[in-house]
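What follows is a set of notes on a single structure, which appears directly below.
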Amino acid sequence: MLDHSHGIGGTEIDEDLSIVPDLSSGLIDRSIYSDPDIYRLELRRIFARAWNFMCHDGQIPKAGDYFINYIGEDQVIVVRGEDGQVRVLLNTCRHRGNALCRAELGNTKAFVCSYHGWTYGLDGKLIGIPGKTDFYRDDVDQAKWGLAPAAKVDHYKGFYFATLDAAAPSLFDYLGEVGRIGIESMLNQGDVVALDGVQKNVIDCNWKIAVDNLFDWYHVKVSHNSASRVGFLNQRMMMPMTQMVMLGELGHAIGGPMVTEEQQAKIDALSDEERLAIDRLPDAERAKVTPSERRPLRSVATKAAMGPVGVRSTGHPNIFPNLWISTRGMQLSLRLPRGPGHTEIWWFTVMPKSFNDHQRRAAKKFISHAFGPAGLLEQDDGENWSQSTAASRGVVSRRYPQNLQMAMGQDEVLVDPSGQKRIETRVNEHAQRWTYKCWAEWLRARDWPELMATRSPSPTGRI
């Protein structure tokens, strides 16, 4: 079985933490995108410790349903057992390490290794060994050789996460207020259904560049100008000046456009029925009555769940380390590390159960043209990310740091009477700096107790 006491793999080797650069100045040492030692440390101290998104409850509704995902580079099986419980098991046979599941999803009664036939139940227990009597002479304790389970599995409102470290806090506490707001942003119109299929492609970039870009509204007008020229994006969306940033402990953040307090007051005066009626209008008509184009007006129940500040944020949340919630809260993207210079991008799609056929078709059309392998936006982004990663490997070019100092020391963290914090500003790089600050804290902490003791609290004052 796994030794969860020090994360996956037992006692951790001491690291030379001088390889983790000081990023507090807003200057990013390019080595963090290419150094193999930093990458290996990320796998151990971030991915093997963090709560990682697995799938939505609707993707595994019946006993025997399974879905293949990754925690760092460790492939896992997310499976619903006969008892209805969802488990996460390492997808590696305990005999010789062969992958048990080759399909990305499906339904099964047991997991059978194609190498030597070792067989495991849906709960991960080893239930069959060919030749146990003749070859092993009955000298094998099956109870000790079940599939290695994740240390903890839990869900927040149907979105399942897992961690390989038993010392991790509860999922609820890990997400914190900002992480929970991110998930609540997908539940504007009640329960959602996960659509079949996950779009996947590999980009030649470091996973962190693909993460920090989601907060970046500086690049949109330049990188995605072609999308505006062909009419896919409205020019008003290209560089919105009213921005809100919310920073949560452990690295969670939300950054992007916002609804002002005055605009929110007008929305609050609408009934839920009136909001739904506006949401069904064509974009051109809808833009006349709502400030958040292409985003649904949030219901009274959603405001209660997200809070008076969170409900006004229409930016992109990232649940640390690598879960992006995007595009009207209907897509989730994982940025899965595949070495220092490669990232596998996964796009999940969820939609409100209440959507009619017209709404679903319209949403699918927009989503398929925005992100994913064929998306206008991600093709632009992928080229930029690849070139930024390549420059981090140059003998001379890597000596020159990247500059993430936009608006540094220029804004104030505002505290609402409810206690929720936010920065109301224009285009900025606050969330990017926060992500890298927390990233460095994760790498320097040797275990969860040290991380919880040394992590930075959500900022206050001038930032």
**Selection from the range 170-212 of residues that are charged (D, E, K, R), closer than 30 Å to residue 36 by Cα and under 14 Å from the mean Cα position of the chain (by Cα)** = 208, 212
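For residue 348, indicate whether it is in the same structural domain as residue 228 (by TED's automatic domain parsing), hydrophobic (A, V, I, L, M, F, W, C) and not in a helix (DSSP H, G or I). Please lay out each step first, then the result.
Details: in the same structural domain as residue 228 (by TED's automatic domain parsing): yes; hydrophobic (A, V, I, L, M, F, W, C): yes; not in a helix (DSSP H, G or I): yes.
The answer is yes for residue 348.
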**Prompt:** If residue 122 satisfies every condition in (1) buried (at least 19 other Cβ atoms within 10 Å of the Cβ); (2) touching a Ser or Thr at 6+ places or on another chain (Cβ under 6 Å) but one, which is the exception?
**Reply:** (2)
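Per-residue answers, yes or no, for (1) of a type in the set (D, E, K, R); (2) outside any helix (DSSP H, G or I); (3) modelled with pLDDT of 85 or more; (4) more than 18 Å from residue 329 (Cβ to Cβ):
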| position | (1), (2), (3), (4) |
| --- | --- |
| 210 | no, no, yes, yes |
| 214 | no, no, yes, no |
| 218 | no, yes, yes, yes |
| 227 | no, no, no, yes |
| 231 | no, yes, no, yes |
| 239 | no, yes, no, yes |
| 246 | no, yes, yes, no |
| 256 | no, yes, yes, no |
| 264 | no, no, yes, no |
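Table: residues versus (1) touching a Gly at 6+ places or on another chain (Cβ under 7 Å); (2) in the same structural domain as residue 200 (by TED's automatic domain parsing); (3) closer than 14 Å to residue 32 by Cα; (4) surrounded by fewer than 20 Cβ atoms within 10 Å (Cβ to Cβ).
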site: 377; (1), (2), (3), (4): no, yes, no, no
site: 382; (1), (2), (3), (4): no, yes, no, no
site: 393; (1), (2), (3), (4): no, yes, yes, yes
site: 397; (1), (2), (3), (4): no, yes, yes, yes
site: 400; (1), (2), (3), (4): no, yes, yes, yes
site: 408; (1), (2), (3), (4): yes, yes, no, yes
site: 413; (1), (2), (3), (4): yes, yes, no, yes
site: 423; (1), (2), (3), (4): no, yes, no, no
site: 426; (1), (2), (3), (4): no, yes, no, yes
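The rows are residues; the columns are (1) in contact with a helix residue (DSSP H, G or I) (Cβ under 7 Å, 6 or more places away or on another chain); (2) part of a strand (DSSP E or B); (3) more than 25 Å from residue 247 (Cβ to Cβ).
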site: 333; (1), (2), (3): no, yes, no
site: 341; (1), (2), (3): yes, no, yes
site: 354; (1), (2), (3): no, no, yes
site: 373; (1), (2), (3): no, no, yes
site: 379; (1), (2), (3): no, no, yes
site: 384; (1), (2), (3): yes, no, no
site: 406; (1), (2), (3): no, no, no
site: 410; (1), (2), (3): no, no, no
site: 423; (1), (2), (3): yes, yes, no
**Asked** residue 161 fails exactly one of the following numbered conditions: (1) out of contact with any helix residue (DSSP H, G or I) (no Cβ under 8 Å at 6 or more places or on another chain); (2) outside the structural domain of residue 367 (by TED's automatic domain parsing). What is the number of that condition?
**Response** (1)
**Request:** With the checklist (1) surrounded by fewer than 17 Cβ atoms within 10 Å (Cβ to Cβ); (2) closer than 21 Å to residue 91 by Cα in hand, flag the one item residue 137 doesn't pass.
**Result:** (2)
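The values are calculated or read from the model by the stated rules, or taken from the named source; none is laboratory data. Quick caveat, the model's predicted, so the values are computed rather than measured. Cβ atoms come from the backbone with ideal geometry, glycine included; neighbour counts cover every protein chain shown.
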